[in-house]
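Asks: My structure is below; once you've seen it, I'll send some questions.
The values are calculated or read from the model by the stated rules, or taken from the named source; none is laboratory data. All values derive from a computational prediction rather than experimental measurement. Heads up, the Cβs are rebuilt from the backbone with ideal geometry, glycines too, and the neighbour counts pull from every protein chain shown. These area figures cover heavy atoms from the full protein model, side chains too; ligands, DNA and RNA do not enter into them. Shrake-Rupley method; radii C 1.70, N 1.55, O 1.52, S 1.80 Å.
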Amino acid sequence: MTAKIISGSQIREDILEDISQKVQEIQKAYGEIPGLVTILVGENPASQSYVSLKIKTANRLGFHEIQENQPDGIQEDELLALIEKYNNDEKIHGILVQLPLPKQINEANIINAIHPDKDVDGFHPVNAGRLLIGGTAVKFPPCTPAAIQEIIIRAGVEIEGAEVVVVGRSNIVGKPIANMLLQKGNGANATVTVIHTRTKNMERHCKRADILIVAAGVPNLVKPAWIKPGACVIDVGVNRVGEKISEKTGNKIAILKGDVDFEKAKEVAGAITPVPGGVGPMTIAMLMRNTLRSLQYKLGLME
Ligand code: GUN
């Protein structure tokens with residue numbers, strides 16, 4: 001059996017089209033457009049590449065967009081002042097500080113400083129709490145978990161009653177996706193297990209999964225023998241394992257590998273996301289959706 005390959009890039013296009021439509025409708029009716037500021041500190045190539053994609057997508061959708069590129073040596077109080085400026089900027093509905101940040105800056109202090117109503121990453125403790133409660137309490141589902149949930153739904157895989165195993169317990173992916181899938185409601189109602197570096201016998205847990213979500217940051221961690229035949233496998237790993245010259249542009253680009261041995265896993269799984277082209281492209285669409293939602297909340301268009 002060869003798995004259905006789930007194209008995140010294709011699903012992203014459908015979602016962006018829908019967002020673009022809504023942006024035009026809101027602009028016509030209310031004279032406002034979603035505003036997003038991206039704050040990038042330093043010159044980490046992966047962060048630069050993620051942020052430039054976010055900016056490109058925001059521009060394409062007709063958002064008001066501001067880029068704040070700051071030097072690696074910026075001090076915490078300067079970054080906090082910048083966030084305060086955008087907390088008070090009426091035209092900005094979403095503030096994104098790209099992580100990781102340099103060592104002199106306490107990441108938690110930065111996340112806590114973003115106004116929860118502009119926290120389109122969904123990382124602020126208020127939004128993490130809302131996610132735990134679930135239902136209409138949720139304002140901004142974090143982008144990568146939201147992308148994973150949307151991909152599973154649109155791939156036509158039943159989540160209700162499914163055995164879901166999440167590999168990895170990060171604040172950005174593992175913990176929130178586990179919470180989202182165990183909530184009551186559509187696209188949820190799953191039985192969820194979270195496994196991690198201290199789990200005894202990871203293979204035993206993975207083999208039970210109808211839906212296996214892998215966000216460990218370890219290339220090829222999940223072996224084909226760990227996958228239940230026919231399972232849906234979502235690979236969230238983005239591991240830079242080398243560089244190559246792009247045939248399209250002639251520039252140096254990163255060679256990316258997921259956390260799952262894709263070539264062999266696709267012979268066992270029922271459906272699987274590739275790396276690149278799976279979860280990654282969808283994550284940016286979810287950020288755009290959250291920025292639009294922020295404006296919709298402000299205008300009283302959302303509960
Ligand atoms: N770094 C890696 N993933 C993310 C993300 O989803 N948001 C932000 N702000 N930084 C990240």
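Asks: Can you tell me the orientation of helix 279-298 relative to the chain, as the angle in degrees between its alpha-carbon axis and the longest Cα principal axis, to the nearest 10?
Replies: 40 degrees
Asks: Could I ask something else about it? Under 29 Å between alpha carbons, and skipping anything fewer than 8 positions from Lys28 in its own chain: which lysines qualify?
Replies: In chain and number order, the partners are Lys54, Lys56, Lys85, Lys91, Lys118, Lys139, Lys298.
Asks: Given a 1.4 Å probe, how much area per residue of the chain is accessible, in Å²?
Replies: 48 Å²
Asks: Give, as a single signed number, the net charge of other residues whose beta carbon lies under 10 Å from the beta carbon of Ile111, with Lys and Arg counted +1 and Asp and Glu -1.
Replies: In short, -3.
Asks: Would you please calculate the Kirkwood hydrodynamic radius of the stretch 190-262 over all C-alpha pairs and express it in Å, rounded to one decimal?
Replies: So the Kirkwood estimate lands at 13.6 Å.
Asks: Shifting gears a bit: Leaving ligands, DNA and RNA out of it, work out the accessible area of Asp121 with a 1.4 Å probe and give it in Å² to the nearest 10.
Replies: Surface open to solvent at Asp121 totals about 20 Å².
Asks: Let me ask you something else. If you average the sequence gap of Cα pairs under 8 Å that are 6 or more apart and divide by the length of the chain, what percent do you get for the contact order?
Replies: Computed over the chain, the figure is 21 percent.
Asks: If you build the convex hull over the alpha carbons only and average its shadow over all orientations, what do you get for the stretch 91-167? Give it in nm² to one decimal.
Replies: 7.2 nm²
Asks: Can you give the Rg/Rh ratio of the chain, where Rg is from the C-alpha atoms and Rh is the Kirkwood radius?
Replies: So for the chain, dividing Rg by the Kirkwood Rh gives 0.96.
Asks: Taking a quarter of the surface of the Cα convex hull of the stretch 1-114, what do you get in nm²?
Replies: 9.5 nm²
Asks: In Å and on Cα atoms, what radius of gyration and Dmax does the stretch 236-303 show?
Replies: When restricted to the Cα atoms of the stretch 236-303, Rg and Dmax are 17.5, 49 Å.
Asks: Could you give each residue of the stretch 179-193 its phi-based ³J(HN,Hα) in whole Hz, using Karplus coefficients 6.51, -1.76, 1.60 with θ = phi - 60°, and x for Gly or Pro?
Replies: 3J(HN,Hα) across the stretch 179-193, in whole Hz: 4, 5, 7, 8, 5, 6, x, 5, x, 8, 6, 8, 9, 10, 10.
Asks: Relative to the longest principal Cα axis of the chain, at what angle does helix 143-154 sit, 0 to 90 degrees, rounded to 10?
Replies: Orientation of helix 143-154: about 50 degrees from the principal axis.
Asks: Just add up the charged neighbours of Ala178: K/R +1, D/E -1, any other residue whose Cβ is under 13 Å from the Cβ of Ala178.
Replies: Neighbour charge sum, excluding Ala178 itself: +1.
Asks: Hey, another quick one. Multiply the residue gap between Lys184 and Asn59 by 0.36 nm, knock off their C-alpha separation, and tell me the result in nm, one decimal place.
Replies: The Lys184-Asn59 span can extend by a further 41.4 nm.
Asks: If you don't mind, there's one more thing I want to ask. Kindly provide log₁₀ I(q)/I(0) values, in the same order as q = 0.10, 0.13 Å⁻¹, from the Debye equation applied to equal alpha-carbon scatterers of the stretch 103-237.
Replies: -0.34, -0.56
Asks: Then there's this: Could you calculate the contour length gain from Lys200 to Asn106, that is, 0.36 nm times the residue separation minus the distance between their Cα atoms, to one decimal place in nm?
Replies: In short, 30.6 nm is gained.
Asks: Would you mind listing how long the stretch 65-136 runs along its three principal axes, going by Cα atoms, in whole Å with the largest first?
Replies: Largest to smallest, the principal-axis extents are 41, 28, 16 Å.
Asks: Around Gln296, with a cut-off of 14 angstrom between Cβ atoms, what is the net charge of the other residues, counting Lys and Arg +1 and Asp and Glu -1?
Replies: Here the charged neighbours net out to +1.
Asks: Let me ask another. How long are the semi-axes of the ellipsoid equivalent to the stretch 160-206, from square roots of 5 times the Cα gyration tensor eigenvalues, in whole Å, largest first?
Replies: Computed over the stretch 160-206, the values are 20, 13, 5 Å.
Asks: Excluding the sites themselves, what is the longest stretch of the chain that contains no trypsin sites (Lys or Arg not before Pro) in a DSSP loop with at most 10 other C-beta atoms within 10 Å?
Replies: Between exposed loop sites, the widest span is 1-102.
Asks: Let me ask you something else. Starting from the Cα of Asn88, move 7 Å in the Cα-to-Cβ direction to define the label point; list residues of the stretch 269-303 whose amide nitrogen is under 13 Å from there.
Replies: Under cut-off, by backbone N: nothing.
Asks: Could you tell me what percent of the accessible area of the chain is made up of carbon and sulfur, with a 1.4 Å probe and every protein chain present?
Replies: That fraction is 50 percent.
Asks: Got a sec? Which residues in the stretch 220-260 would a label at Leu99 touch, if it sits 7 Å along Cα→Cβ and we count backbone N under 20 Å?
Replies: Within reach of a label on Leu99: 235-240, 259.
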